[in-house]
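Report on the following structure.
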Protein chains: 2
Amino acid sequence: MPMPGNGTTKQLPGCEACFARVNRGLCGDCQPGSPCAVASYKTADREYKVGQDLFSLGEPCDSIFNLLEGWVILYNILDDGRRQILHFALPGAVLGFHPGGGAMMTYGAQALTDIVVSTIPHKALQPIVSQQPEFGLRLAWLVARDCTLAYDRLTSIGRHSARERVAHLLLKLFVRCRAQWPGSHIEEMNLPLTQEDIGDATGLTFVHVNRVLRDLRKDRILEFHYRRLRILDPDKLVDVAGLDPQLVMSWIR
Amino acid sequence: MPMPGNGTTKQLPGCEACFARVNRGLCGDCQPGSPCAVASYKTADREYKVGQDLFSLGEPCDSIFNLLEGWVILYNILDDGRRQILHFALPGAVLGFHPGGGAMMTYGAQALTDIVVSTIPHKALQPIVSQQPEFGLRLAWLVARDCTLAYDRLTSIGRHSARERVAHLLLKLFVRCRAQWPGSHIEEMNLPLTQEDIGDATGLTFVHVNRVLRDLRKDRILEFHYRRLRILDPDKLVDVAGLDPQLVMSWIR
DNA sequence: CGTTAAGTTGATCCTGCTCAAGGTCGGTGG
DNA sequence: CCACCGACCTTGAGCAGGATCAACTTAACG
């Protein structure tokens, strides 16, 4: 059985043909065999290699993407080359739905692992919702979830210490991965991140991330070495991340 | 004629009865006199005074709000009382659309001025989209716009200096207000913010915000005193904010 | 005119950045 | 099997941007 977060995905029951086969978020009504409005508009699955861009900052993008396998980062690059990671997208995510569909993207999307996606052109959205009215609401729901995650990070970066930020990021990623594998009780997983990625997501330098990780290791809270995360003391981690233990439990169950 | 940002709003043409009468984002098809699916589900207009909460962190909220007049902040409070402002909502905004409708809110919403809102219960969303399929897509579009703004702030807080962050915030607010009043060419406006609010939005202390504002004033870029913003040198401001002048122009026109 | 919220300024401290040098891992080719 | 290389991790020394603490000033409002 594959480990959570190693790039493979769980197949949920439901519409195997349609755009949203890994998550029922977009397309919860489809049953195998029944007609699906999305299926006729989506493209075939497409693969991208690590490091490839799905779309880029400042360039137009006329499709939305459904991530079927692997990890993707959304990011911004500044003039001086510094980078801010905005979001880690996991299988099931919808990417590139942008205000003013087809307009310039205000951020880029890059494959963090080898990935598989399928796409729907923006101009197909209108026809889809007229056939399947819940689709729009489900899309809104998914975008709202990403927005909530962004607010969460905003709070973390704006008001927490380096230690809290790193703990918060790793804990959230751990929980999100584990949510894809309910029932798994492994406190160890592959995170396809470098320490530089962690820095770019938390607004820190990789040098300082390294020191924070050393301290967290010294305190026997977690270990992160070469893309492998091991959580030694979940309770302490939740505490350091500044989160409510009960809230975290509600995510897991 | 009222100044931009003083809490009053422009009435756009369209459906005067429905939920979304200040913006055509949610309900672009309604024509005066024609039936409107939203109108039959929304509540009457409701007023809130400055400082009142529309909904609170950790409490359930079973409705979405359409902001008709005034300003609202979305915010998070930490255990130690520190605050992070996540978003400034202007008239036309939709608030409280949350993943898992009706569940615990992960942030609060507070009136920054006296405001007027109307609401739709979450459970009315399904019936509305079945009568008016584009509604869901429009909702998704609005949420995506907020998400993009959040990503913008994330980059600003994560990777910019204090000076850049303050400049960026004020410029963006200015542009967003002015977008509500196309044609206006006033470089002066009321922003219903304290320096503490600016600090809580940019991840700085109000003491440091004060010093940054002093420097920006000294450099004759802008003046911000007692909730009044005057932009002295728009070009320099765009430069300090680290934004592309052409991009900014595209927002204005 | 008194009260209160908000703005202002200085002195000092500390978290996290910068710069720099070395170490470790994993893959590749001989 | 080993040498090499590039990407990534690790650690130290010194610095600086912004925080903290504290005192005072100004504006708004009844």
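The values are calculated or read from the model by the stated rules, or taken from the named source; none is laboratory data. Note that this is a predicted model, so its numbers are computed, not measured. Glycine also receives a Cβ, built like all others from the backbone with ideal geometry; neighbour counts cover every protein chain displayed. To get the accessible areas, we keep the full protein, side chains included, count just its heavy atoms, and leave off ligands, DNA and RNA. Shrake-Rupley method; radii C 1.70, N 1.55, O 1.52, S 1.80 Å.
In bins 5 Å wide, starting from 0, what share of all Cα pairs of segment B:71-110 does each bin hold, as a percent?
6, 22, 28, 23, 16, 5, 1
When Rg is the radius of gyration of the Cα atoms in segment B:151-253 and Rh is its Kirkwood radius, what does Rg/Rh come to?
Value, to two decimals: 0.93.
Under 15 Å from the Cβ of B:L57, count the other residues' Cβ atoms, weight Lys and Arg +1, Asp and Glu -1, and hand me the total.
Result for the neighbourhood of B:L57: -4.
Segment B:152-176 to segment B:86-115: how many Å between their Cα centroids?
About 21 Å separates the Cα centre of segment B:152-176 from the one of segment B:86-115.
Can you list residues from other chains, or at least 5 along the same chain, whose modelled amide H is less than 5 Å from the amide H of B:A103?
Amide H to amide H, under 5 Å and 5 or more residues apart or across chains, B:A103 pairs with B:C61.
Across all directions of projection, what mean area in square nanometres is found for the Cα convex hull of segment B:207-253?
Details: hull surface 14.9 nm².
For the Cα atoms of segment B:207-253, the hull's average projected area reads 3.7 nm².
DSSP loop (so not H, G, I, E, B), at most 16 other Cβ within 10 Å: list which trypsin sites (Lys or Arg not before Pro) in segment A:209-252 pass both filters.
Passing sites in segment A:209-252 are A:R220, A:R227.
Could you give log10 I(q)/I(0) at q = 0.12, 0.23, 0.25 Å⁻¹ for segment B:42-115, computed by the Debye formula over C-alpha point scatterers of equal weight, without solvent?
Each listed q maps to, in turn, -0.30, -1.09, -1.25.
Report the label-to-label distance for A:W251 and A:L57 in nanometres (one decimal), using points 7 Å from each Cα along the Cα→Cβ vector.
2.6 nm
With respect to the cross-link table entries A:K172/A:K236; A:K123/B:K123; B:K49/B:K172, which display a Cα-Cα separation exceeding 21 Å? Could the numbers behind the result be given before it?
Numbers: A:K172/A:K236 14 Å; A:K123/B:K123 28 Å; B:K49/B:K172 25 Å.
Over 21 Å Cα-Cα: A:K123/B:K123; B:K49/B:K172.
State, in square angstrom and to the nearest 100, the accessible area buried between chains A and B, both chains counted, probe radius 1.4 Å.
4000 Å²
Percent relative contact order of segment B:107-253, based on C-alpha pairs within less than 8 angstrom and at least six residues apart?
Details: 122 pairs, mean separation 34.3, N = 147.
Relative contact order, segment B:107-253: 23 percent.
Using DSSP to define loop residues, name the chymotrypsin sites (Phe, Trp or Tyr not before Pro) in segment B:186-253 whose beta-carbon has at most 15 other beta-carbon atoms within 10 Å.
On the way: sites: B:F206, B:F224, B:Y226, B:W251; in loops: B:Y226.
Listed in order of number, the matching sites are B:Y226.
Rounded to whole Å and ordered largest first, report the semi-axes of the equivalent ellipsoid of segment B:100-218 derived from its Cα gyration tensor (root of 5λ). Don't skip to the end; give the middle numbers.
Working: eigenvalues 219, 63, 43 Å².
Three semi-axes, in Å: 33, 18, 15.
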